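K.L.:
Supplied in structure tokens, the structure appears directly below.
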Amino acid sequence: MLFSKFKLEDVKQDSLQVEEDISFVRKELVFQRVGWFVMFVVLALGCVGLFGTGILSHRTEATANAKIEYERFLRFDNKTQLIFRINNANSSTTIGIPINYLSKFIVEKITPEPHIQRQTNGSMFYDFHTAGSSEIRMLVKPITTGNYKANIAVNRDVIQLTHFVYP
Amino acid sequence: MNPIFRGLAIYVFLLLIFRITGKRSLSETTTFEFVLLLIISETIQQAMVGEDFSITTAFLLIMTLMGADLVLSLLKNKFKTVDKITEGTPVIIVDNGKPLQHRMKLSRVAEEDVLNAARSSLGLERMEEIKFAVLENDGSISIIPYKN
């Protein structure tokens, strides 16, 4: 049906030595229109965050005492933030991140800085001085591509994050 | 990612995107299109190299791009179909002074583009002086005038 829209005039000539293949040109034109459609669909999906930074990508995982905001879709070598919001924090908050998750990211900056950082049982624990409602931000940069999950401990709560990192 | 695979991915993507957008895209280098080409090349350069400014990566990427182009040219030479798929075929858009409207519209060529090519290449004044106009694979328009 799509092909019928691409009617091209017949040219009967033998003086001009040109390798014109009009049936191929019609296929090419159809391929191009399909390609345009796919390109604009990809761009539209990109606008809403399929490739990161948008409503499809922004995630919030929460428990009664803590909440993590993060991006589901990331791009290789592109920085992103993990935002931890802790309700009614005690004088100290501990965030535990599995080492195998950290091996896929570089932690560039933590705000505020933890007063203690220790590694126990395959996880890196960051201890912070906190009081009341607190917000901790981690700036991380993915260094591998693919899909991965991690269970992040925030005090006694465990929150699962899922990322897909595009090349 | 390995710079060789990055280079190959970029090469294939560029080939595909230029085939999708058609012959006429960026075929005439206006000032705006020239700037657009510069922006595209800058974007590609950053995606290929990233933060790796080593001379080894530069050598590998240059060899990858030149190698891919060499392989493609060999394939085009050997298989006519590969040539058609990657380059397309020329399309006659004016036949005996008569513009072929469907062909021109679908190929995104305006009559003014044909007249422009006729004026600039051969100094022709009118459409009736053109025997054939052909949209070439590179997006340019060749004009064949009537022989006097």
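K.L.:
Taking 0.36 nm per residue of separation and subtracting the Cα-Cα distance, what length does fully extending A:L43 through A:A62 add?
P.N.:
Length gained between A:L43 and A:A62: 3.8 nm.
K.L.:
Can you pull the mean other chain C-beta count within 10 Å for peptide B:94-101?
P.N.:
2
K.L.:
So which trypsin sites (Lys or Arg not before Pro) in the stretch A:87-167 end up in coil per DSSP with only 14 or fewer other C-beta atoms within 10 Å?
P.N.:
A:R156
K.L.:
Also, I was wondering about something else. In chain B, which helices (entire DSSP H runs) extend 18 Å or more along their own long axis, judged by Cα positions, while averaging at least 0.0 on the Kyte-Doolittle scale?
P.N.:
Qualifying helices: B:3-21, B:31-49, B:55-78.
K.L.:
With the Cα gyration tensor of chain A giving a ≥ b ≥ c as the square roots of its eigenvalues, does the rule (a/c under 1.5 for rounded; else a/b larger than b/c for prolate; else oblate) give rounded, prolate or oblate?
P.N.:
Prolate, because a/c is 1.5 or more and a/b exceeds b/c.
K.L.:
Write down the Å³ per residue value for the convex hull defined by the alpha carbon atoms of the stretch B:64-129.
P.N.:
It comes to 135 Å³ per residue, whole-number rounded.
K.L.:
Could you list A:V140, A:V107, A:V158 so that the one with the fewest beta carbons within 10 Å of its beta carbon is first and the one with the most is last?
P.N.:
Starting with the residue having the fewest Cβ neighbours, the order is A:V158, A:V107, A:V140.
K.L.:
Once you sort the root eigenvalues of the Cα gyration tensor of the stretch B:18-82 as a ≥ b ≥ c, which label holds: rounded (a/c under 1.5), prolate (a/b larger than b/c) or oblate (the other case)?
P.N.:
In terms of gyration-tensor shape, oblate.
K.L.:
What would the Debye formula give as log10 I(q)/I(0) at q = 0.11, 0.15, 0.18 Å⁻¹ for the alpha-carbon point model of chain B, no solvent?
P.N.:
Normalising to I(0) and taking log10 leaves -0.58, -0.89, -1.07.
K.L.:
With 10 angstrom as the radius, rank A:D14, B:D95 by how many other C-beta atoms surround their C-beta, starting from the fewest.
P.N.:
So the ranking, lowest neighbour count to highest, is A:D14, B:D95.
K.L.:
Using R₀ = 30 Å, calculate the FRET efficiency as 1/(1 + (r/R₀)^6) where r is the Cβ-Cβ separation of B:E87 and B:R126; round to 0.05.
P.N.:
0.45
K.L.:
Then there's this: Using a simple charge model, +1 on the beta-carbon of Lys and Arg, -1 on the beta-carbon of Asp and Glu, nothing else, what dipole does the stretch B:91-145 show about its Cα centre, in debye to the nearest 20?
P.N.:
160 debye
K.L.:
Give the distance, in whole Å, between the Cα centre of the stretch A:25-80 and the Cα centre of the stretch B:28-44.
P.N.:
Centre-to-centre distance over Cα atoms comes out at 25 Å.
K.L.:
So if I take the centroid of the Cα atoms in the stretch B:61-136 and the same for the stretch A:88-141, what is the distance between those two points in Å?
P.N.:
60 Å
K.L.:
Turning to a different aspect of this structure: Any lysines with Cα under 25 Å of the A:K7 Cα? List them, leaving off those in the same chain fewer than 8 positions away.
P.N.:
By straight Cα distance, A:K7 reaches A:K27, B:K23, B:K80, B:K84, B:K98, B:K105, B:K131.
K.L.:
Still on this structure: So how strong a dipole does the stretch B:3-87 carry about its Cα centre when Lys and Arg Cβ are +1 and Asp and Glu Cβ are -1, to the nearest 20 debye?
P.N.:
520 debye
K.L.:
Of B:S140, B:N96, B:L124, which is farthest towards the positive pole of the stretch B:91-145's charge dipole, taken about the Cα centre with +1 and -1 on the beta-carbons of Lys, Arg and Asp, Glu respectively?
P.N.:
B:N96
K.L.:
Report the one residue of B:V12, B:I40, B:I62 whose Cα lies farthest in the direction of the positive end of the charge dipole of the stretch B:3-87 (charges on C-beta: Lys and Arg +1, Asp and Glu -1; origin at the Cα centre).
P.N.:
B:V12
K.L.:
Which one of A:N90, A:M39, A:T60 has its Cα pushed farthest toward the positive end of the charge dipole of the stretch A:31-167, where Lys and Arg give +1 and Asp and Glu give -1 at the Cβ?
P.N.:
Ranked along the dipole, the leading option is A:M39.
K.L.:
Just to verify a number: FRET efficiency for A:A131 and A:D14, C-beta to C-beta distance, R0 = 51 Å, to 0.05?
P.N.:
0.05
K.L.:
Treat each spin label as a single point 7 Å out from the Cα along the C-beta direction, and report the A:F24 to B:F53 distance in nm.
P.N.:
Each label point is offset 7 Å from its Cα along the Cβ direction, giving 4.5 nm.
K.L.:
Please give the average number of partner chain Cβ atoms lying within 10 Å of the Cβ of each residue in A:8-21, rounded to a whole number.
P.N.:
5
K.L.:
If you don't mind, there's one more thing I want to ask. Remind me, relative contact order of chain B in percent, using alpha carbon pairs under 8 angstrom and six or more residues apart?
P.N.:
Rounded, it is 25 percent for chain B.
K.L.:
In degrees from 0 to 90, rounded to the nearest 10, what is the angle of the helix A:22-47 Cα long axis to the longest principal axis of chain A?
P.N.:
The angle comes out near 20 degrees.
K.L.:
Label-point separation (nm) for A:I116 and A:F31, each offset 7 Å from Cα along Cα-to-Cβ?
P.N.:
A separation of 6.4 nm, rounded to one decimal place.
K.L.:
Neighbouring Cβ atoms within 10 Å as the yardstick, rank A:D77, B:D69, A:D10 fewest first.
P.N.:
The most exposed by this proxy come first: A:D10, B:D69, A:D77.
K.L.:
Expressed in whole Å with the largest first, what are the equivalent ellipsoid semi-axes of the protein assembly as shown derived from the C-alpha gyration tensor as the square root of 5 times each eigenvalue?
P.N.:
Largest first, the protein assembly as shown gives 58, 21, 17 Å.
K.L.:
Kindly state, to the nearest 0.05, the FRET efficiency for B:F13 paired with A:I106, given R0 = 30 Å and r defined as their beta-carbon distance.
P.N.:
Here the calculated transfer efficiency is 0.65.
K.L.:
Can you bin the stretch A:67-140 into rounded, prolate or oblate? Criterion: square roots of the alpha carbon gyration tensor eigenvalues sorted a ≥ b ≥ c, rounded for a/c under 1.5, prolate for a/b above b/c, oblate for the rest.
P.N.:
oblate
K.L.:
Placing unit charges on C-beta atoms (Lys and Arg positive, Asp and Glu negative, everything else neutral), compute the dipole magnitude of the protein assembly as shown about its Cα centre in debye, rounded to 20.
P.N.:
Rounded to the nearest 20 debye, it is 900 debye.
Each reported figure results from applying straightforward, stated rules to the coordinates on display, with no laboratory input. On a predicted model such as this, the values are computed, not experimentally measured, just so you know. Virtual Cβ from ideal backbone geometry, glycine too; neighbours counted across all protein chains shown.
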